[in-house]
Amino acid sequence: MVSVFLRSLLYNLVFYLNLVFWVILGLPTYALPRAGIIWIATNWGKTSIWWMRIICNTRVEYRGLDKIPKGPLIVASKHQSAWETFALLQFFDQPLYILKRELTWLPLFGWYLLKAGMIGVNRSAGGRTLIDITRRAAEEIRRGRQLLIFPEGTRRAVGAPPDYKNGVSLIYGEAGVPCIPVALNSGLFWPRRTFLRYPGTIVIEFLDPIPPGLKRHDFNARLQAAIEEASDRLERAGREEQVRLIGFSAPIAASVRS
């Protein structure tokens, strides 16, 4: 455990230094097309993943890359960690996120989000926000972008019961494009609300795309079943690997799925 603590401490220091490096390097992209800032963000993500492997002995395995459709797309991912917010960027040339409006107010980092064309959400605006976000997201997707969205809305601890929201199904119905579900086990290695980073293998798996045109209920059921079944499988394998490597598994939620 001491080794995990010290490696985590070092990685967090390197992670933020790496972020500062790429933020400074990316300053000229303010005067360039959006592709410039996407390149900066993608390489920041790649180097963050590389440093995690070097320092924390946390490797990454990507599965199902051949299943990713070309062109406009909804990418609906399990969300257990901050890790997937930057790890997914490398697979899409025009990524789009829906995020808290307050993030765009941050100096430099928030300006990058605006330059990248991300959609800020005013959560205090109520129901009108959902209608507006659905319309704006669908418009951007139809222009050829790939929406990276977390159907549960926020990070969920490993083992927590699923809590899928309606937002992704509304956008799916409005945009009329395929949706690819994404399963993962990142929360075992980069848990939420702690600086600890655990060794092992993060697996991110792209599942069979869901074609456009399904009814909202059918889409929701198919999406949740696909993500949860695959994520449960990846979590079990990840816990077994952690026990082999360090003698224990990272803590999971108190209310574990049955």
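With the convex hull of the Cα atoms taken as the outline of the range 1-120, the averaged projected area works out to 8.5 nm². On a per residue basis, the convex hull of the C-alpha atoms belonging to the range 80-148 measures out at 101 Å³.
Ranking THR134, CYS179, VAL203 by how far each Cα lies toward the positive end of the dipole of the chain (charges on Cβ) leaves THR134 at the top.
If you scale each eigenvalue of the Cα gyration tensor by 5 and take the root, what three semi-axes come out for the chain, rounded to whole angstrom and sorted largest first?
28, 24, 16
From least to most packed, judged by other beta carbons within 10 angstrom and beginning with the fewest, SER249, SER77 follow the order SER249, SER77. Taking every lysine pair in the range 59-246 that is 8 or more places apart or spans two chains, those with Cα atoms closer than 27 Å amount to 14.
Describe numerically, in nm with one decimal, the distance between label points set 7 Å from Cα along Cα→Cβ at HIS217 and at LEU10. The modelled label-to-label distance comes out at 5.6 nm.
Dipole magnitude for the chain: computed about the Cα centre from +1 point charges on Lys and Arg Cβ and -1 point charges on Asp and Glu Cβ, it is near 380 debye.
When the helices in the chain are scored as -39500 (n - 2.57) per DSSP H run of 4 or longer and the sum is shared across all residues, what 222 nm value do you end up with, to the nearest 500 deg cm²/dmol? Don't jump to the answer; show the numbers that get you there.
Details: 7 runs with 115 residues, N = 258.
Per the formula, -15000 deg cm²/dmol.
At the listed q of 0.10, 0.13, 0.20 Å⁻¹, the Debye profile of the range 120-258, built from one uniform point per Cα, gives log10 I(q)/I(0) equal to -0.40, -0.65, -1.19.
Residues VAL203, VAL23, ranked from the fewest to the most other C-beta atoms within 10 Å, line up as VAL23, VAL203.
Counting 0.36 nm for each residue step from ARG233 to ARG192 and taking away their Cα separation leaves a gain of 12.8 nm. The relative contact order of the range 59-246 comes to 31 percent, based on Cα pairs under 8 Å that sit 6 or more residues apart. Of the DSSP H helices in the chain, those that are both long (alpha-carbon extent of 15 Å or more along the helix axis) and hydrophobic (Kyte-Doolittle mean at least 1.6) are 2-25. The share of Cα pairs per 5 Å bin across the range 65-114, counted from zero up to the longest distance, runs 4, 15, 24, 24, 19, 9, 4, 1 percent.
Computed from the C-alpha gyration tensor, the three semi-axes of the ellipsoid equivalent to the range 48-179 are 24, 18, 17 Å, from longest to shortest. About its Cα centre, the dipole of the range 50-179 is roughly 80 debye, where the only charges are +1 on Lys and Arg Cβ and -1 on Asp and Glu Cβ.
All of the numbers you see were taken from the coordinates with simple rules; none came from a lab. Note that the structure is predicted; figures quoted are calculated from it, not measured. Positions of Cβ are backbone-derived with ideal geometry, glycine not excepted, and every protein chain shown enters the neighbour counts.
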